[in-house]
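Data block below; observations after.
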Amino acid sequence: MLARDLLQALADGEPVSGAALARHAGVTRAAVWKQIEALRLKGVPVDAKVGGGYRLPWPIQLLDAPRVRQRLPAAASSALGMLEVHWELDSTSSELARRNPVLDDLAFVLAETQSAGRGRRGRAWLSPPGMNLYLSVLKRFDAGFASLSGLSLAVGVMLIRALDDLGIRTAGLKWPNDVLAGNAKLAGILVELSGEYSGPCAAVIGVGLNIRLPDSVHERAGQPVTDIAELTGGSPPDRNRVAASVVAALTEGLLAFERHGFAAFVDEYASHDLLLGKPLRILDPRGEYEAVGEGVDGRGALRVRRADGTAITVDSAEVSVRRSGVA
Ligand code: ATP
Ligand code: BTN
């Protein structure tokens, strides 16, 4: 029995006995138990009741490529290079990077779980199966890296549009790559570039969006994290619907970015900028300092002002920003 089949058998949230699961899959109860343990190790909180079988604490929907495609607007659907759903990958972004040479533009890869999900600067992205969204898209550009400034901020705006499409209007953007709700991280964006500095190049854009986090992620993330379930009073939309909103927003947004660059997103970024006017701590490897956020410039760099009045533009990938007094 595969872990995916087991999760599918438990998907409606009703209890199912080990014997029924074993019968259904044609395996022993010991084989079922082994897969239950494997799911638990990956962060799925499978409950076991004495004599009551196994159950998930809430119903889930597994991702299904045709269902995601069905929900896409026609323009996005025809622009899409590919849409694949995998059970497990090391990282959806690593998968696209490996296959980059043979893939069409706007190829999307989604995975139910990642064994080595990555954040910025080698940090881990916790990726339990069946609950969140882990996806990456390959976008090719002709004009070189210089034309891509502001791309990760623009992707943040695209995610805000996707959330808006799902009726969620309480999220904001923290420079350079986080989507937060309240003080907690709802989604992360990882943009990785390859190709020529001033010629054809490609971006692999990875998005992790939390739909329903198990307690283990809250405990292990090391910072406040949140999910769509929390923002929708415990009833998140179907995961395939969430995936379709994100795929549509990224497809349409990346085509707009290709034509107009960050200029097409700068005003919307400003209206969701959580750092604007806020006291910040800038963690620069060359020295930390306090400043106040003054928005972003036309290239997507963060503008801040120190207490002595000095204006600074922050655009290094090595810099982290913390809101003062916020974890
Ligand atoms: P920075 O401001 O430097 O980007 P960051 O703390 O947001 O800082 P990232 O590298 O952007 O760091 O994101 C990785 C971090 O995100 C991890 O170190 C962890 O704290 C957190 N994290 C990991 N998995 C998840 C998840 N599923 N949901 C939310 N946050 C997560
Ligand atoms: C961050 O906040 O640092 C970025 C997190 C990006 C996580 C996503 S999940 C899908 C894709 N695959 C990865 O390994 N990382 C990105």
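The values are calculated or read from the model by the stated rules, or taken from the named source; none is laboratory data. Nothing here was measured: the structure is a model prediction, and the numbers come from that model. Methodologically, a virtual Cβ is constructed for each residue, glycine included, from the backbone with ideal geometry; neighbour enumeration extends over all protein chains shown. Keep in mind that these areas ignore ligands, DNA and RNA; they rest on the heavy atoms of the full protein, side chains included. Shrake-Rupley method; radii C 1.70, N 1.55, O 1.52, S 1.80 Å.
Restricting attention to segment 16-56, which residues are among the basic types (Lys, Arg) and over 22 Å from Glu112 (Cβ atoms)?
As a first pass, look at segment 16-56 and keep what is among the basic types (Lys, Arg): 23, 29, 34, 40, 42, 49, 55.
Answer for segment 16-56, where residues must be among the basic types (Lys, Arg) and over 22 Å from Glu112 (Cβ atoms): Arg23, Arg29, Lys49.
Scanning segment 208-225 for residues that are β-branched (Val, Ile, Thr) and open to solvent by 10 Å² or more (accessible area, probe 1.4 Å) yields Val217, Val225. Take the conditions surrounded by fewer than 16 Cβ atoms within 10 Å (Cβ to Cβ) and within 15 Å of ligand 1 (Cβ to nearest atom) and apply them to Ala171. Does it pass? Here the answer is no, as Ala171 does not meet what is asked. For segment 182-201, the candidate set comprises residues that are within 16 Å of ligand 2 (Cβ to nearest atom) and over 17 Å from Gly150 (Cβ atoms); within that set, the residue that is modelled with the lowest pLDDT is Asn183. Restricting attention to segment 121-160, the residues that are assigned to a strand (DSSP E or B) and charged (D, E, K, R) add up to 2. Just so you know, in segment 75-120 the residues that are part of a strand (DSSP E or B), more than 16 Å from ligand 1 (Cβ to nearest atom) and farther than 19 Å from Val242 by Cβ include one that is most open to solvent (accessible area, probe 1.4 Å), and it is Met82. Would you tally the residues in segment 122-140 being open to solvent by 10 Å² or more (accessible area, probe 1.4 Å) and touching an Asp or Glu at 6+ places or on another chain (Cβ under 8 Å)? The total comes to 1. Listed by position, the strands (runs of 3 or more DSSP E) enclosed by segment 185-297 that each have at least 3 residues that are within 16 Å of ligand 1 (Cβ to nearest atom) and either polar (S, T, N, Q) or over 22 Å from Asp64 (Cβ atoms) (or both) are 279-284, 287-296.
Sub-7 Å Cβ pairs linking a first residue in segment 198-210 that is farther than 30 Å from Pro236 by Cβ to a second residue that is among the hydroxyl-bearing types (Ser, Thr, Tyr) and in a strand (DSSP E or B), at least 6 apart or interchain, are Cys201/Ser194; Ala202/Ser194, ordered by first then second residue.
Every condition in (1) in contact with a Phe, Trp or Tyr (Cβ under 6 Å, 6 or more places away or on another chain); (2) more than 21 Å from Leu2 (Cβ to Cβ) is met by Thr92 except one, and the failing one is (2).
Of the residues Ala76, Ala111, Ala146, Ala107, only one is modelled with pLDDT under 95 and within 30 Å of Gly300 (Cα to Cα); which?
Numbers: Ala76 fails: modelled with pLDDT under 95; Ala111 fails: modelled with pLDDT under 95; Ala107 fails: modelled with pLDDT under 95.
That would be Ala146, the only listed residue that is modelled with pLDDT under 95 and within 30 Å of Gly300 (Cα to Cα).
Among the residues of segment 183-202, those identified as touching a strand residue (DSSP E or B) at 6+ places or on another chain (Cβ under 9 Å) and of a type in the set (Gly, Ala, Ser) are Ala184, Ala187, Gly188, Ser194, Gly195, Ala202. Within segment 305-327, residues that are within 16 Å of ligand 2 (Cβ to nearest atom) reach partners that are at pLDDT below 90 and open to solvent by 90 Å² or more (accessible area, probe 1.4 Å) with beta carbons closer than 7 Å, at six or more positions or on different chains, in the pairs Glu318/Pro285.
Whenever a residue of segment 270-299 is farther than 19 Å from Leu159 by Cβ, its partners that are of a type in the set (Ser, Thr, Tyr) and assigned to a loop (DSSP other than H, G, I, E, B), lying with C-beta atoms within less than 6 angstrom and at least six residues away or across chains, give the pairs Pro279/Ser324; Arg281/Ser324; Arg299/Ser149.
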